[in-house]
Structures are given as structure tokens and as C-alpha cells.
Amino acid sequence: MLSPAADSLTRLDAARVVLREIFGYPDLRPGQAEVLDAVLEGRDVLAVMPTGSGKSMCYQLPALVREGLTVVVSPLIALMRDQVAQLRNNGVAAGALNSSNDQAENDRVRDSLREGALRLLYVSPERLVNNGTAEWLARAGVRLLAIDEAHCVSQWGHDFRPEYAQLGEVRRRLGDVQTIALTATADVATRADIASRLFEREPTVFVHGFDRPNLFLAMEPRVSRARQIKAFLDKHRGESGIVYCLSRKATEDIAETLREQGIDAMAYHAGLASEERSRRQDRFLQEDGVVMVATVAFGMGIDKPDVRFVAHASLPKSIEAYYQEIGRAGRDGESADTLTLYGLDDIRIRRLQIEESGVSDDQKRIERQRLDALVSLCEAPRCRRQTLLSYFGEKSEPCGRCDLCAGGAKTFDGTMEAQKILSAIARTGERFGAEHIVAILTGEETEQVRRHGHAGLRTFGVGKERPKQEWRSLMRQIYAAGLVQIALDDHGRWLITERGDAVLRGLESVTLRSDVLHKASSRKERRASAIEEAGLSPDDPLLKRLKALRLTIAKDEEVPAYVVFTDRSLVDMALLRPRSLEQLAACHGVGQAKLARYGEAFLEALLEA
């Protein structure tokens, strides 16, 4: 009989062998070993792990090391399809039951289940909670239930789904099966809610941090959306990325503008026919250098590892949504870039959306706090990553991988400027929005200023020395500092808080940033791409040949390009230039099944170099 320590070592060693031979990866990533050990030991697990840390391996490896069926709850059909394609390409018996399958595919999956041949089955939460699916699967001998995107279980999560909330009951109907729940975003309240809804006993909880050190974080006040997005994308020519927008119209407008400037861009939103959405998504997944301009309808089901940038044309929904959305970049662990544009209108619209959402007062209060945290992140005077991670309860040193670390945040005593703004708000009875206050400060006699007689106020024109854009930035900053609130009505009236009153009366001072007051720069400096950081030119002829071969195979097999090989695998091949199948097997991500399936074709392309 093995000792517990030796038994644990044997389990993990077996997982590492599967990792190398099936998936072609040299070793576990940081944080995976302890989660795997707990799962292989039979414990229930709740794991919070950053995007790109390899969460899927925490249930895929146990499914292959142990006997029995693993059922994976996945939120989107597209995500199921791609993960099943990847597993099958690696020689793993996997299948999915969803509404996109034809009858022949569903019959094939059911036959494999009856024969005990299937190791992983992907199912939507909707299918699991209905039609007796859980009872039928219980008879098939489910060994492990894996719940991906587990924050959807919680009412406190940023993407709550009612069907996910029923998975605790499904778990019991499956025979109180061992369960692992995984997410990249769950604060303390959300984790507690997930645990209480899913598990009858306290699960083993792992919180492996929220840092994504490979992502460069940047935020800019929105001045000219089209120009700023174009300048950002100019640094990423030939690379795949996502631009998020608030509305369907914005996705169409920005995509058209980018196409006119020679960028291969497509719009994606819920207003498109499902067939057209699928066509555009497939093209994004298969081809290099495609930019998807999308609403948040696009993304959760995208597991494309080589997304090199994510831009937000407007403020995201919350700090959790921001974290989740930028997390779609750099899933392969290589460097990726992010940019978020924001303005005062974004803040007002988000506040209105929260108040009109119809959720409970407690949930509205939490959503307000999340929005305020995001605004504070936008106007932060210190390292972005420090501010972001502190929201999730983590401490860090200045990262060197954000715009504030790279360029530095310059601050000044902004008490006088804040007092001018607050005085204008007070003297107009806290009845007006930001643009009217800016007009008063800069001495602009607009029609509204004349109608209300505000040109006669003592504060009229006291800020003539600064242009409008600077006063807008200062107003965003005093909002982030908690000196004002925006009334939740159509006019977006500005109201002075208790702290703002203290500043107005000279009882408190306030420090503001000067570096964001001027017109946003185009950030023309160009950081090296992930390929260049690996020591290879993006225009390398061999790399281009390998990508062209990958695209041909992907289109022929109707799968995303990364299902054949990821960019990292192709870069490895181009750098190492293997001359035999044995040498090719040493490249990243080349497991036994892929070597047998694609090895000869890629080796031929390599030998022609």
C-alpha cells in the first residue's frame, strides 16, 4: 500500500505523463498541481484561477487519468464545439450534446456513452436542468461534474444565469457526484454564494490570484474614438484582436471605418442572423489578422489563444466585466495589449442601466460599487495593476506593464480646480449636467447659459485658462474621488457629496492627475509583438508558410486554426526547424495524436525551408 504522499506523487506523475503525451505540453502551469491533486483525491473543489492559467486541464487531466465519465457544463455552444474539436484532435474521446448537433451526431454521442467509450461530455446548463438529462447521465456512471464559468451560478456574479443556479440540484440528481467549479472572476461574496448553491459540504477552495502579467493595461479619456482606436490598431497590423462597443450601431460604424483604412475588421452583434454570426466567428477563429468589432455578445465562448489585443471603445459594464473581457487576450501566455476609452457619458449611461435593471436593491448597490471602482481605475494616479488587483483583495508592486508605469502619472494639488467645479455645481442648484458646468467654467454663453442667466454667476468664466477637454477630465477625476455623484435621471445632474462639501469649504484637499488633462496621445511607441519577443519576425517566410498550411487544414476540417496548432506551436517550429518527426514532437503543443495527424504535412513544409 502506497503512503498518502507517495500516492499523491503517483497521481500527479500520471497527470504529467498525459499532459506531455496527449497534449504536448512540457509541464503543469503554476497553480494547477494543487488543484489537480485535490480533484484526483476525490474532493469537491472551487477554483478561482486567472484566464490563461489552464483551468480546463484541471478537469480534462483527471478525466483521462481516472476511469469514468466527466460531464462539463459549458455556457456556449461555440465554446463546446471548439473544446470538443481540440480534444478529438488530441485523440481524446469527447462529445457534446447541444441544439446545434444533427441527429446523427447526437446518436453517435449517446452510443459512445452507452458503450462507456466517452471520457468527456460537454453539456449546456439548459439541457442539464431539463428533459431528464441528469437522470439519464447518472445511469451512464458520471465520475466528475465540472462547471465552467461558475460565477454564473451566483446572484452576486457579474453574469448571473438562472439555469446555472439550478446546478446544485442537478448535482444531487447525478448522485451527489464529485464536482469542480471554476471561474476567473469571483470576489469573496460571489465565492461564498457559489459554494452554498452548489455544494452540500464545504468545498476545497483555491484562489490563485487575478494577475495576468502578460497583459499591458492602458486607459485613455475618449477624445476621438475612431482616431484613438485606429492608432491603437496600427501597432497590431496582422494580429488578431477584439474591439468592444456598447451598441450594435457602434460595432457597424467602427468596423466600416477600420475597413476603409485597410484593416480586416468585421462587426459582431446579436442583431445579425445566427448563420452570419457563426460565419464571422469561424473566420475570426480560423484566420490571422482579423479584428472583431463586437458587443459583449462576443467573447465568453471564444477560446482563441492568440488574441493579441482587446480594446474597449467605451467604458465596460463593471470592473469584473472589464477583467473578463481583457482576459480574452493573451490566453497563450504571450504578451498582449489592452486599451480602454472612457468618458462622462459612459458613467451616466451605466448608472441609468443599473437603476433600470429591475434587480434587487442589494444587487444595485453592488453594481454601483463596481462601477465606481472601474471609474477609479480609469483615473487612478498609480499603477493600473495595483489598483485592479487591490479591488480583488491582492497586493502587488508597481508592474511596469501598464501605461502609468511606462509613462508615469503626474499629480498636482487640485483643490482649487475642484472648488471651482463644486462652486459652479452649487451655484446652479445642483440641477445641471457636466456640459453645462463646463460651459460656465470656460465662460461660454450657450443657449442654456443665457436662458438661465448663468453668465451672471461669480463662477462664470473662472476656468477660462483651461480648455473644455481639461475640465471634463477634472470632473471625471472628482467623480472618481467621491466628491460628486451623478443623479440618475435623463439630465445627469451633478450632486455634491459630503466629502465634496468638505473640499468646497476648504476642510479637505484633493490630489488630481495632470497627465490626463491634455489631448490623449496616440501612443505611437510600438512595443514588440509576442512573435518578435520570441526572436522571430512576423514576416518570417517560414512562419507565413506554416500559417498558410494551418489555415488550409483548418478550413478543410471546419475547425478554428488554433485547434490544428496554436501560434506558439508554429513559432516553436519556425525557431527550432525540426528535421524529423521525433524533433517535431519536441515542439510546444505537439502531442502524439497531432503528430500522427499533421506531422508529415508540417514536416514537409519545414523541410522545404
Practice prompt. Give region 174-207 a look and list any residue that's crowded, with 17+ Cβ neighbours inside 10 Å and over 22 Å from A33 (Cβ atoms), or say none.
Written response: L174, V177, T185, D187, T190, D193, I194, A195, R197, L198, F199
Worksheet item: So which residues in region 445-473 are without any contact (Cβ under 8 Å) to a residue 12 or more places away in the chain and in a loop (DSSP other than H, G, I, E, B), if there are any at all?
Response: E445, T446, G453, E465
Worksheet item: All but one of (1) out of contact with any Cys (no Cβ under 8 Å at 6 or more places or on another chain); (2) at pLDDT 90 or above hold for H208; which doesn't?
Response: (2)
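The rows are residues; the columns are (1) surrounded by fewer than 20 Cβ atoms within 10 Å (Cβ to Cβ); (2) among the hydroxyl-bearing types (S, T, Y).
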{"position": "V359", "(1), (2)": "yes, no"}
{"position": "Q369", "(1), (2)": "yes, no"}
{"position": "C383", "(1), (2)": "no, no"}
{"position": "S390", "(1), (2)": "yes, yes"}
{"position": "G393", "(1), (2)": "yes, no"}
{"position": "E397", "(1), (2)": "yes, no"}
{"position": "C402", "(1), (2)": "no, no"}
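Counting only residues that are over 25 Å from the mean Cα position of the chain (by Cα) and under 17 Å from L144 (Cβ atoms), which one in region 69-96 is surrounded by the fewest Cβ atoms within 10 Å (Cβ to Cβ)?
Of all residues in region 69-96, those over 25 Å from the mean Cα position of the chain (by Cα) come to 69-70, 88-95.
Next, from what is left, pick out any that are under 17 Å from L144 (Cβ atoms): 69-70, 92-95.
On the way: L69: 21, T70: 25, V92: 20, A93: 16, A94: 24, G95: 24.
So, considering only residues that are over 25 Å from the mean Cα position of the chain (by Cα) and under 17 Å from L144 (Cβ atoms), the one surrounded by the fewest Cβ atoms within 10 Å (Cβ to Cβ) is A93.
For region 267-278, how many residues meet the condition of being part of a helix (DSSP H, G or I) and over 22 Å from the mean Cα position of the chain (by Cα)? Steps first, please.
First pass over region 267-278, keeping only residues part of a helix (DSSP H, G or I): 274-278.
Next, from what is left, pick out any that are over 22 Å from the mean Cα position of the chain (by Cα): 274-276.
Count: 3.
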Fill in: Every residue from region 202-249 that is in a helix (DSSP H, G or I) and of a type outside the set (A, V, I, L, M, F, W, C)
R225, R227, Q228, K230, D234, R248, K249
Worksheet entry | Qualifying residues in region 180-201 (those that are among the hydrophobic types (A, V, I, L, M, F, W, C) and assigned to a loop (DSSP other than H, G, I, E, B)) - the one farthest from the chain's Cα centre (by Cα) | F199
Worksheet, complete the sentence: Those strands (runs of 3 or more DSSP E) completely within region 1-105 that have 3 or more residues that are under 20 Å from D303 (Cα atoms) are 69-73, 94-97
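Matching residues to (1) under 30 Å from D211 (Cα atoms); (2) at pLDDT 95 or above:
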| site | (1), (2) |
| --- | --- |
| D403 | yes, no |
| G407 | yes, no |
| K410 | yes, no |
| A426 | no, yes |
| R431 | no, no |
| A434 | no, no |
| T446 | no, no |
Worksheet item: Here are D337, D372, D346: which of them is of a type in the set (D, E, K, R) and under 16 Å from the mean Cα position of the chain (by Cα)?
Response: D337
Worksheet item: Got a sec? Which of S56, S74 is in contact with a Leu (Cβ under 9 Å, 6 or more places away or on another chain), within 28 Å of D282 (Cβ to Cβ) and touching a residue at least 60 places away in the same chain (Cβ under 8 Å)?
Response: S56
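Select from region 395-405 the residues that are part of a loop (DSSP other than H, G, I, E, B) and within 20 Å of A336 (Cβ to Cβ) and list them in ascending order. First the steps, then the outcome.
Start the filter on region 395-405 by keeping residues that are part of a loop (DSSP other than H, G, I, E, B), which leaves 395-401.
Those that are part of a loop (DSSP other than H, G, I, E, B) and within 20 Å of A336 (Cβ to Cβ): S396, P398, C399, G400, R401.
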Discussion item. Among the residues of region 313-321, are any in contact with a Pro (Cβ under 9 Å, 6 or more places away or on another chain) and either at pLDDT 90 or above or farther than 21 Å from R227 by Cβ (or both)?
Written reply: no
Discussion item. I'm checking my understanding of the structure. Among residues of region 160-179 that are under 26 Å from the mean Cα position of the chain (by Cα), under 12 Å from I147 (Cβ atoms) and not in a helix (DSSP H, G or I), which one is modelled with the highest pLDDT?
Written reply: T179
Item to complete: Determine the pairs where a residue that is closer than 9 Å to L512 by Cα and polar (S, T, N, Q), located within region 405-417, has a partner that is at pLDDT 85 or above and part of a helix (DSSP H, G or I) with Cβ atoms under 8 Å apart, the partner being 6 or more residues away or on another chain.
Response: T415/V503
Discussion item. Quick check on my filter: what residues within region 330-356 are under 26 Å from G54 (Cα atoms) and of a type in the set (D, E, K, R)?
Written reply: R331, D332, E334, D337
Discussion item. I'd like to know if region 401-422 contains one or more residues that are farther than 21 Å from R472 by Cβ and over 34 Å from the mean Cα position of the chain (by Cα).
Written reply: no
Worksheet item: Is there a residue being surrounded by 20 or more Cβ atoms within 10 Å (Cβ to Cβ) and of a type in the set (V, I, T) anywhere in region 340-349?
Response: yes
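The values are calculated or read from the model by the stated rules, or taken from the named source; none is laboratory data. Everything numeric here is computed off the predicted structure, so don't read it as measured data. Every residue, glycine as well, gets a Cβ built from its backbone with ideal geometry; the counts of neighbours run over all protein chains shown.
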